[in-house]
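The values are calculated or read from the model by the stated rules, or taken from the named source; none is laboratory data. Keep in mind that what you see is a predicted model, and the values were worked out from it rather than measured. With ideal geometry, Cβ positions are generated from the backbone for all residues, glycine too; neighbour counts draw on all protein chains shown. With ligands, DNA and RNA removed, areas are computed over all heavy atoms of the protein, side chains included. Shrake-Rupley method; radii C 1.70, N 1.55, O 1.52, S 1.80 Å.
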Amino acid sequence: MATEPLLRALSRMRGHLLDPESLVRAVASGAQRGGRVPEVAGRPVRRVELRYVDLKAGRHLQVTSYDDTQAHTTNVAAGEAAKVAVDDLLDQPFGSWHVDTTTQTHQVRATKKLEAVTHTQDRAAPVEAERGHDKAKQRLLPEDDPVLRALGISDAQGRIKPTRQAKYRQVEEFLRLLDAAIGDALAKGQLRTPTEDDPLRVVDLGCGNAYLTFAAHRYLSAVRGLPVRVTGVDVKQQSADHNTAVAVTLGIDADFVVGTIGEAVLPQPPDVVLALHACDTATDDALARAIAWEAALVLAAPCCHHDIAAQLRKAPTPAPYAALTRHGILRERFADTLTDGLRAAILRLVGYRVDVVEFVGSEHTPRNTLLRATRTGKAVSGGNLRREYDDLVATWGVHPHLDELLGLSRD
């Protein structure tokens, strides 16, 4: 990694972005520490992807921007129009840029002092840029990636198996959310900069067969170029044995611990905690561990919400909300919303900035909510946020498991 003035580094990236022959793909993500949120067409965005496509009207620069809920794509003609679009994006306070060309990979990360930490790596062999505009959405991990083949998502020919399409979409959407969160936290100094001697420590609590554990390692190390070590935790010895064998095959720096989420012992506290589709109060166990570790970044996709749902069935419904709990299906859906709303509130109380976003489309799975939390270290002991939480708990007569684990009600 080298350090240089930010404007100089971005000027060099500009040359790559405006080269319609060699640019494969570029990604800008996150916000600079202490700066405003980047905007495209007046909309706040977390991430922007650029590539050149060939249309009937000629080669165009395709710009896809992502906000919290959806993607917006525009195509501008190569040449002067592309220069205007690129210059507008370079003027935005993005925290990091990742630029792939046919022969090299470039990374630029803005520091608090508006310097640039840069890294350039030559490709082992030149690649060919895909210019088709009607192909599937640009993938963060290509279908023939070795990790996807090792996990059985792709076949020996590097094609996604028909029965694994949903899993591939889940992996891709998770990586997009992880990428935006990592980039933003690094740019704002909320996540330490990893080194080869002290890599980024990522733990996946309740990892199962570790699809997302391996995908996260592959993306962060091979695409973002970050030194990283991942640890998976699961109660099943069979899962640990299987995942360890996969890690050895892939040459991945990973280990797998057998134990419960609440009791697993790690050699060092992690920087990033993942808890994806942990059932019912297992998500609360994972959030409590992340808080105790003071993890800088937490991504949790809850699954099942039996605990609060059971409490709602036993407690009288406060007026005038009987219509929300009279019918079983509505009561269950409300329990989901109430549970995750309380979890988000608790995370804010103990010093995290929280976003609640869609993980994957609801057409693929009903369990599509993701809690994305970044540690600020500023816990809230009183004020409106605490009163809002206390009132919500008292109104519905519930006792969140995460509250009990943290002892908030005894404060």
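Values computed for the structure shown
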read-out: Whether the stretch 1-109 is rounded, prolate or oblate, judged on the alpha carbon gyration tensor where a/c under 1.5 counts as rounded; value: oblate
read-out: Segment Ile329-Thr193, extension gain: residue separation times 0.36 nm, minus the distance between their alpha carbons; value: 44.4 nm
read-out: Label point distance in nm, Ser381-Glu263, each placed 7 Å from Cα along Cα→Cβ; value: 3.4 nm
read-out: Where the stretch 40-163 is the region considered: accessible area per residue in Å², 1.4 Å probe; value: 51 Å²
read-out: Distance between the stretch 370-405 and the stretch 153-191 - C-alpha centres, whole angstrom; value: 30 Å
read-out: Accessible area in the full protein assembly, largest first, 1.4 Å probe, for Ile329, Ile346; value: Ile329, Ile346
read-out: Spacing of the two label points (7 Å from each Cα toward its C-beta) at Ala41 and Ala292, in nm; value: 4.7 nm
read-out: Debye intensity ratio I(q)/I(0), log10, the stretch 240-294, q values 0.24, 0.29 Å⁻¹ (C-alpha model); value: -1.06, -1.20
read-out: Lysines whose Cα lies under 29 Å from that of Lys83, excluding same-chain neighbours fewer than 8 positions away; value: Lys56, Lys112, Lys113, Lys135, Lys137, Lys188
read-out: Distance between modelled label sites at Thr249 and Thr163, nm, 7 Å Cα→Cβ extension; value: 1.6 nm
read-out: Extension gain (nm, one decimal) between Ala2 and His242, 0.36 nm per residue minus Cα-Cα; value: 82.5 nm
read-out: Average Cα contact separation per residue, the chain, under 8 Å, 6 or more apart, as relative contact order %; value: 12 percent
read-out: Accessible surface, per residue, of the stretch 186-289 when the full set of protein chains is kept, probe 1.4 Å, Å²; value: 39 Å²
read-out: Residue of Ala210, Ala81, Ala240 that the Gaussian network model of the chain assigns the largest fluctuation, springs spanning Cα pairs under 10 Å; value: Ala81
read-out: Relative contact order %, the stretch 1-104, counting alpha carbon pairs below 8 Å whose residues are six or more apart; value: 34 percent
read-out: Heavy-atom accessible surface of the chain: percent carbon and sulfur, 1.4 Å; value: 50 percent
read-out: Helix-only mean residue ellipticity at 222 nm for the chain, each DSSP H run of n ≥ 4 adding -39500 (n - 2.57), per residue, nearest 500; value: -10500 deg cm²/dmol
read-out: Anisotropy class of the stretch 190-331 from Cα gyration tensor, a/c 1.5 cut; value: prolate
read-out: Area accessible to solvent at Leu330, 1.4 Å probe radius, in Å²; value: 70 Å²
read-out: Distribution of pairwise C-alpha distances over the stretch 274-411, 10 Å bins, in %; value: 12, 43, 35, 10, 0
read-out: Per residue, in Å², the accessible surface of the stretch 320-363 once ligands and nucleic acids are set aside, probe 1.4 Å; value: 48 Å²
read-out: Kyte-Doolittle mean at least -1.0 and Cα axial length at least 30 Å: DSSP H helices in the chain; value: 165-187, 328-349
read-out: Asp271 accessible area, assembled protein chains, probe 1.4 Å, Å²; value: 20 Å²
read-out: Qualifying GluC sites (Glu not before Pro) for the stretch 128-223 [loop in DSSP, other Cβ within 10 Å: at most 12]; value: Glu128, Glu196
read-out: Antiparallel bridges, percent of DSSP beta bridges restricted to the chain (to nearest 5); value: 75 percent
read-out: Rounded if a/c under 1.5, otherwise prolate or oblate - the stretch 170-227, Cα gyration tensor axes; value: prolate
read-out: Ratio Rg/Rh, restricted to the chain and using Cα atoms, in which Rh is the Kirkwood radius; value: 0.98
read-out: Gap separating the Cα centres of the stretch 270-308 and the stretch 19-38, nearest whole Å; value: 30 Å
